[in-house]
Each structure stands twice: as C-alpha cells, then as structure tokens.
2 protein chains.
Amino acid sequence: MMVTKTERPRPRAEENDVLALPRPYLLFLGDATDAGFAKTAFGLRDWAGDNVVGEFALPEATVTTGLDFLTPREAAERGAKALLIGVANAGGIIPLAWMPTLFEALDAGLDIVSGMHARLTDLPGLGEAAQTAGRRLVDVRCPPAGLRVGTGARRTGRRILTVGTDCALGKKYTALAVARALQKRGVDADFRATGQTGIMISGSGIPIDAVVADFVAGAAEMLSPAAPDGHFDVIEGQGSLFHPAYAPVSLGLLHGSQPDSFIVCHQPGRTHILGNASYSLPSIEEVIARTVALGQLTSPAIRCSGVSLNTSGMDESEALREIEAVSMRLGIPAADPIRGGVAFERLLDACQS
Amino acid sequence: MMVTKTERPRPRAEENDVLALPRPYLLFLGDATDAGFAKTAFGLRDWAGDNVVGEFALPEATVTTGLDFLTPREAAERGAKALLIGVANAGGIIPLAWMPTLFEALDAGLDIVSGMHARLTDLPGLGEAAQTAGRRLVDVRCPPAGLRVGTGARRTGRRILTVGTDCALGKKYTALAVARALQKRGVDADFRATGQTGIMISGSGIPIDAVVADFVAGAAEMLSPAAPDGHFDVIEGQGSLFHPAYAPVSLGLLHGSQPDSFIVCHQPGRTHILGNASYSLPSIEEVIARTVALGQLTSPAIRCSGVSLNTSGMDESEALREIEAVSMRLGIPAADPIRGGVAFERLLDACQS
C-alpha cells in the first residue's frame, strides 16, 4: 500500500518548539554484526516498545532485537510511520550499502529518522526522493528552528529535573523511570527528552547540547512549558555542573527547566569524570548544594527529592546496602529506579510531595 | 591598483581556532542618517584607529566618523585589506542599495567583513564575485569551524576575565582598557575578543554566544591558549552568571578561560537585569562569591582583582565618590577605566600581582 500525502497531514516540526517524530517506527539495523553498535535499537525496544512495529536489517547483519522482521512495505501496512536508524558505526557515517533501504522506505510511505552525525539531507538524492514522496527526513541531532532566548518568567505546573555527579550514569533512565512510575500512580506526567535517544524514545524533545549557548535556557523553557497544577514534567538532565566542558549545558537546563525539585544521579564507585582523570567526581552533597544555589535564580523554592543510584555493577545485597547507606547519610530517599522496590516508592513520594 | 591573490597570502581562518580578520579596514557607513546605527564604525574609530584607513558612505548618508572619505579603490591604495560594514539597520538586513559598494570593494581587492545577521554568502551573486576575485567574505557572527570540547587541563600564562552584574555595562571596554594599559606598562598582554565588536576591534576572536553549548568552554580554551609565564590574556566577558538566559555563556567562558583573576563590571544605579524587570541585579559581593565558587573548578586559586564601574551617567565628583565608596566597602580596588586615574592604576596593580 502506497501511503500518499493526503492520507495524513504531515506534522510541521520546523514550525514547532520541539522536534516531533513520526511514530511508530520500523527499526533499521543496517549490516550490524556487533550488538554494541545497536544500542539505539535496543533502547527503543526496551523503552518504547509500543511505538515499534518491528525490525529490518540487511542480509549481512547478525544482530537482532528479537522483534518481527518486516520489510519497509510490510511495516507501513502494520501502521509504521518511519524507518528509524537504530544502529551506529565508527565515524557516524551512513554507508552506501544502507541507501537502497532508505529509498525503499520513502517509497513505502515511511519518513526516515536518524541520530547519526551525517545529515540525511546531505546524502546524495535522498532529499529529492523524500520531497517527491512527500516524506520527512528527521535528523534528531538538529535542534528545531525558532528557539527563543529564556525569559525566566515563573510558570505553572510541577517540574522534576535529573542532575548528576557526571555524564553517562543514568539521568535519562531515571527520568524515564520516574515519569512512567508517576503515570502508573495515575499522575499526569510527561517525560521531556533533551538527548537524541530520549527524543527517539519519547517521540519529541530538543537535543539541548546542540543548541547555541544563548538559547539553551530558552530551549529548556519551551521543552517544559506552563502546565495545569497537577501536571508533572520529568526532564532528562545533561552533563554536570562540575564538568569542565559541559557545565554550561547543565546550567542552562537548570535555569530554563525551573524545577521544583531535582534528583541527583550517581554511580557508586566512580571517582573521576568520565574520560578526564584530572577531575575528581564531586560528592552528592556538593551537587545538591550547588544545584540549589544556582537553581534558586529561576526556582526560588528548589529542593532535592532524592538520589538515584546506578547500581548496575553491584549484586542485589551490595546494591541495597549502598542505597540504604546513601539514604541514611543524606537523610533523603535513595533508590535505583531500575531495581525499583520500596526505596523507589519513597523517592516517588518525595517527588510528589 | 588591483591587489591580486598572489600579492599576499590569504589567512585561512576556516582552519584556525579563532576568526582572524583582514586589516586595516575601510569603514562603510551605507546610507546611515542616524548615528545610533553606526555604533560599530565609531567603536572601531575609537578603539582600532590604527587599523582604519578611512570611511566610505553612499550619497544619502549624513553620518560621518570624521575620518578621510575614500572610495574602495583609494582605500586599497592606502593599504586597506577589507571593507568593514560599520553600520546596522533595523532588521539586520543588508539593503540592495549597499550591494554596488560591496561588489566595488571586491573588485578593488578588498575582503568584506560583516557583523550583521544576514550572511554575506547569502547575498545574491556576492559569493561568486568573491570567489572570482579571490577575496574573503567574513561573517563575524559565525564561529570558526573545528571548535573542540573543553579539557579543563591547566595551562601556563596569566589570564584576566571581565565578568559582570549584568549584560551591556562595560565588560568589553574594561577588557580593552586593561589590556591597553598593561601594554603601556610594558607588559606582554593581549585583548581576547568574544563578541563581534570586540573581534572587529582586535582583528580576531570567537563570537562565544554563537557557539553550540557543548563547545563554549572549549572555545574559551582555544581563545586564550597556553602562553609564556609573563604573558597576560585579558578576556572580554559575556552575560552574567545571574542572568536567566545567558548564564550558560558566562559559565562556559569562566571555566574555559581558567582566569587567575577577574574584574567585576557594574553600572551604579542599575537595579534590574536589562530588559527583564522581574530579575533584580545581584550585588557585586554576590558576583564575586559565585564567580570564585564556580571558577575554582578549573582555576583553583581564582581571585577578584577589583571592580570596574561604568560611571558614564555621573559627573566627575559623583563618580569619584562612588568609586571610593565601592572600594572601601569591598576592600579591593575600584575604578572607571574610562576615567583612568590613580584608582585605575591600583586596579592594574592588583591584576598584575
């Protein structure tokens, strides 16, 4: 079935405040033979299963998500709206071998979603083919047009931001887990994505680290706009206020998000900033104090709800001891959202209070 | 005289860490009838007089800098290397009426330098004409390619950063005045520009507020690289750590600049953030405390050298009273660099100590 332009209105993401992705997806695994390169596909399977109809791969591929194998045309018949490139490769380029699949997807009526460094529109012939087919090429690394400068004006609704002692230790997963758990409690809650994987999972967001510095706070304001009183936005944090390169991203996100409360994410045992042995990790206490001091500019009553510990490297009893010890030391809830349990329920209570 | 491509090697700014502008300039005033729109031209006359050979304007113009009136060809004969658009207009566009002058400049062997929002390369035919003539079109608002992420690695040389209680109150002028005065004292000092006017004045720099958030600290590191022990970089600050929109720019500049000391710039009487009446101005004391707290991440011994007061709205005796009062209150030097005097010499002593 050829889906034609008139059958569904094309969302005009370029006029929106945030990227809005066409869903559900068909996951494309390319010619991947190393599961490590297919992290995006696995993340989508695990966190956005309702928005994935299946996978497609080239004959050379050995990696699989275990989902139904569908051609682009079969996927379109099952309701897919886009082929999502769920695999990376060294260099972030899109190999020639993948091109026939991309053209086939457009022909089948699918948009294409990519988070790779190479722009889809730079690929020879793809832009023209998309235009002819009336389809979109969505580069998730590109911020939407029309970003505005932050105003710092107070707004309604509740907002929770995940912050961290470092990069890459669970800020996205924590925000996803908290948003889902609040929804299960019947709370009107949204996950707000600020990185490319989060955006693909939630279907919308702003890649905040690709925004020009002057507009970071404004982008965060647009990402979590004024909302009704009972509504919660759970915002995916980025970087760390103690990171010698990425602190500006974290600060703009903090100022623009105007959070009522924040959760500090930490990985027990990490002693230095990832990839930079000259910089020691700050303590959780230091992160709380600095986040409050700086966050008060736009959110005068900002407070810490608790701590999210990434205990993936520990066994169950070791993890529970660590969680208990951190909670006792700081006098606030601590939990590993992936492990859940009573500790996580207490963290959620603190977020809602 | 037609300056041909072989007569001077073209600087390859696109391969450099910072923008490097062709100088000296011919200032172009367009058809300006309002001196307020020619601020850039006046700033260049006042701060970069050695690098300006004259001015050129259309017959409709009534504004003048008082410099010699030269056609592009006459300017080239006097050694000019570029026509610099020294005038703005509402909307930041380049009117059709200016185009013949731009083509004439290229034909006379001049590059073109612009800080307007409209890109020179987007003007019909100008890119091709520049390529044919072997000339450069330099958009000062565009950051150079090849920016890297910050490392936070300690580097040699001394660095002074100007910070502020707000935007637009003298951070550029203070940095310029301090760099010049240190040079007069025989110190090996450079002004490092981070905004478009500063870049035009000094002939090089990085427009830091146009840099993607992830790269702001890295850009600041590249702008003020490791230097010999006796060398001082005096870095133009941007925004304020207490600004709800621009604090990320200020923080990245602080972390990347790794300053040994900083000067707080303030305008007495200003009570609220420019253009945002909901935000009170922080006190100078608060700015000092926060700059030290955050700056220590990359510059452990960071300290405040003193305060630069913009007393342009005061008469002489009022200004001197204010300068004295602030210096007494804080126990550190305070001065208005534009007024100079003993107070300014004390501020310079503190910078050098």
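All of the numbers you see were taken from the coordinates with simple rules; none came from a lab. Treat the numbers as computed from the prediction; the structure is a model and nothing was measured. When we count neighbours, we look across all protein chains shown, and the Cβ atoms used for this are built from the backbone with ideal geometry, even at glycine.
One decimal, nm, shortest first: give the distances between the label point of A:GLY341 and those of the same position in the other copies, each label point 7 Å from Cα along Cα→Cβ.
6.8
If you average 1/r across every pair of different Cα atoms in the stretch A:158-352 and take the reciprocal, what Kirkwood value do you get, in Å?
Result for the stretch A:158-352, one decimal place: 16.4 Å.
Rounded to the nearest 0.05, what FRET efficiency do B:GLU128 and B:THR156 give with R0 = 60 Å and r taken as the Cβ-Cβ distance? Could you check?
The value I calculate is 0.85.
Charges only on Cβ, +1 for Lys and Arg, -1 for Asp and Glu: so what's the dipole of the protein assembly as shown about the Cα centre, in debye to the nearest 20? Let's see the in-between values first.
Working: 64 positive and 78 negative charges, 110 e Å.
Dipole size: approximately 520 debye.
Within 13 Å, Cβ to Cβ, of A:THR311, how many net charges do the neighbouring residues add up to if Lys/Arg are +1 and Asp/Glu are -1?
On the way: positive: A:ARG270, A:ARG321, A:ARG339; negative: A:ASP315, A:GLU316, A:GLU318, A:GLU322, A:GLU324, A:ASP336.
After counting each charged neighbour, the total is -3.
Express the relative contact order of the stretch B:63-137 as a whole percentage, based on alpha carbon pairs under 8 Å and six or more residues apart in sequence.
32 percent
Nearest-5 percent of antiparallel DSSP beta bridges in the stretch A:158-352?
Details: 2 of 23 bridges.
Of the beta bridges lying entirely in the stretch A:158-352, close to 10 percent run antiparallel.
Mind pulling up the Rg/Rh value for the stretch B:260-306? Radius of gyration and Kirkwood radius, both on Cα.
Across the stretch B:260-306, the Cα-based Rg/Rh ratio is 1.05.
Quick one: check the C-alpha center-to-center distance for the stretch B:129-145 versus the stretch B:153-211, whole angstrom.
24 Å
Shape call for the stretch A:254-341 from the C-alpha gyration tensor, a ≥ b ≥ c root eigenvalues: rounded (a/c under 1.5), prolate (a/b greater than b/c) or oblate?
oblate
Towards the positive end of the charge dipole of the stretch B:48-166, with charges on Cβ (+1 Lys, Arg; -1 Asp, Glu), say which of B:VAL163, B:ALA88, B:PHE56 has the farthest Cα.
Working it through, the farthest residue towards the positive pole turns out to be B:VAL163.
Given the C-alpha centroids of the stretch B:250-308 and the stretch A:275-338, what is the distance between them in whole angstrom?
28 Å
Please build a GNM for chain A, connecting alpha carbons under 10 Å apart, and tell me which residue among A:LEU67, A:LEU106, A:LEU161 fluctuates the most.
The residue that fluctuates most here is A:LEU67.
Which of B:VAL292, B:VAL178, B:VAL140 moves most in a GNM of chain B, Cα contacts under 10 Å?
B:VAL292
Considering the options B:MET328, B:HIS117, B:LEU223, tell which one lies farthest towards the positive end of the dipole of the protein assembly as shown, charges being +1 on Lys and Arg and -1 on Asp and Glu at the Cβ, about the Cα centre.
Sorting the options by dipole projection puts first B:MET328.
Rounded to the nearest 20 debye, what is the charge dipole size of the stretch A:15-82 about its Cα centre when +1 sits on each Lys and Arg Cβ and -1 on each Asp and Glu Cβ?
Values: 6 positive and 11 negative charges, 20 e Å.
In total the dipole reaches around 100 debye.
Can you pull the semi-axes for the stretch B:109-265, root of five times each eigenvalue of the Cα gyration tensor, sorted largest first, whole Å?
So the equivalent ellipsoid measures 28, 18, 15 Å along its semi-axes.
Report, to one decimal in Å, the Kirkwood hydrodynamic radius for the stretch A:5-139 based on all distinct Cα pairs.
Kirkwood radius, the stretch A:5-139: 14.8 Å.
Amide H neighbours of B:SER261 under 5 Å, at least 5 residues apart or on other chains, H built in the peptide plane: list them.
Placed amide hydrogens put B:ARG159, B:LEU161, B:ARG303 under 5 Å from B:SER261.
In a Gaussian network model over chain A where Cα atoms closer than 10 Å are linked, find which of A:VAL249, A:VAL212, A:VAL53 has the largest mean-square fluctuation.
A:VAL212
Between rounded, prolate and oblate, where does the stretch B:109-164 land on the alpha carbon gyration tensor, with a ≥ b ≥ c its root eigenvalues, rounded for a/c under 1.5, else prolate if a/b exceeds b/c?
prolate
Based only on Cα atoms, what Rg/Rh ratio does the stretch B:222-298 have, Rh being taken as Kirkwood's radius?
In the stretch B:222-298, Rg relative to Rh is 1.00.
Which lysines, if any, have their Cα less than 28 Å from the Cα of A:LYS184, not counting same-chain residues under 8 positions apart?
A:LYS39, A:LYS81, A:LYS171, A:LYS172
From the label point of B:THR121, set 7 Å from Cα along Cα→Cβ, how far away are the matching label points in the other copies, in nm, ordered shortest to longest?
1.4
Kindly identify the stretch A:21-74 as rounded, prolate or oblate by the Cα gyration tensor criterion: order the square roots of the eigenvalues as a ≥ b ≥ c, call it rounded if a/c is under 1.5, otherwise compare a/b with b/c, prolate if a/b is larger, else oblate.
Judged from the Cα gyration tensor, the stretch A:21-74 comes out oblate (a/c at least 1.5, b/c at or above a/b).
Could you let me know the centre-to-centre spacing of the stretch B:35-59 and the stretch A:38-105, using Cα atoms, in angstrom?
Centre-to-centre distance over Cα atoms comes out at 58 Å.
How many percent of the alpha carbon pairs in the protein assembly as shown exceed a separation of 46 Å?
Value for the protein assembly as shown: 27 percent of Cα pairs lie more than 46 Å apart.
Work out the mean other chain Cβ neighbour count within 10 Å for the residues of A:207-220 and drop it here as an integer.
Shielding by partners across A:207-220 averages 6.
Evaluated at 20 °C with a viscosity of 1.002 mPa s, what Stokes-Einstein diffusion coefficient in µm²/s does chain A have when Rh comes from the Kirkwood expression over alpha-carbon pairs?
102 µm²/s
Sorted from shortest, what are the nm distances separating the label point of A:SER278 from equivalent points in the other copies, each placed 7 Å from Cα along Cα to C-beta?
Inter-copy label distances (nm, one decimal, shortest first): 3.9.
With the crude spin-label approximation of a point 7 Å out along Cα→Cβ, what separation in nm comes out for B:ALA289 versus B:ARG78?
About 5.4 nm separates the two model spin labels.
Please work out the FRET efficiency for the pair A:LYS184 and A:ASP229, using the Cβ-Cβ distance as r and a Förster radius of 25 Å; give the result to the nearest 0.05.
Details: r = 20 Å, r/R0 = 0.82.
Efficiency at R0 = 25 Å is approximately 0.75.
Per the Kirkwood treatment, what hydrodynamic radius in Å, one decimal, follows for the stretch A:161-236 from the mean inverse distance over all distinct Cα pairs?
12.9 Å
So, with +1 on the Cβ of K and R and -1 on the Cβ of D and E, and no other charges, what is the size of the charge dipole of the stretch A:123-279 about its Cα centre, to the nearest 20 debye?
Values: 15 positive and 12 negative charges, 63 e Å.
Roughly 300 debye, rounded to the nearest 20.
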